[in-house]
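Enquirer: I'd like to ask you about the structure that follows.
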Amino acid sequence: PAAPAVKLGYFPYSMEGRSASEKLVCAICLEVFVHEDICSEVPTCRHVFHRDCIDAWTKCNTTCPLCRVNVSIVIGLKKRSERTSCQLFCFTLAVTCVRRN
């Protein structure tokens, strides 16, 4: 049987504080995040993905696609003021791995 879908909060990706040359990617689709892309964060590990990508992933899986930690069930929209800069960190490790391959 399929795993239950997990509902994650979402927020618009922000380029604030980043240089134009800093390209961060969604580790599921490998597309570069652009300003205002709708993203979701796995709360247990703080990895960030495009909302549509992680929603599709969690229809069949209950773990983070990067680190395989169990995904906590969180419902709702995180306000920009409630997020930390740490929560907006999006896969420098994934970019490094993609470049090595």
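Enquirer: Being basic (Lys, Arg) and modelled with pLDDT of 50 or more narrows it down to one of 80, 99, 51, so name that one.
Expert: Selected residue: 51, the only one of 80, 99, 51 that is basic (Lys, Arg) and modelled with pLDDT of 50 or more.
Enquirer: I've got another one for you. Quick check on my filter: what residues within segment 1-60 are among the polar types (S, T, N, Q) and assigned to a helix (DSSP H, G or I)?
Expert: Matches in segment 1-60: 58 only.
Enquirer: Just checking, which of 45, 39 is surrounded by 13 or more Cβ atoms within 10 Å (Cβ to Cβ), at negative phi and touching a helix residue (DSSP H, G or I) at 6+ places or on another chain (Cβ under 7 Å)?
Expert: Just one listed residue meets the conditions, 39.
The values are calculated or read from the model by the stated rules, or taken from the named source; none is laboratory data. Note that the structure is a prediction, hence the values are computed from the model and not measured. All Cβ positions, even for glycine, are placed from backbone atoms using ideal geometry, and neighbour counts span all protein chains on display.
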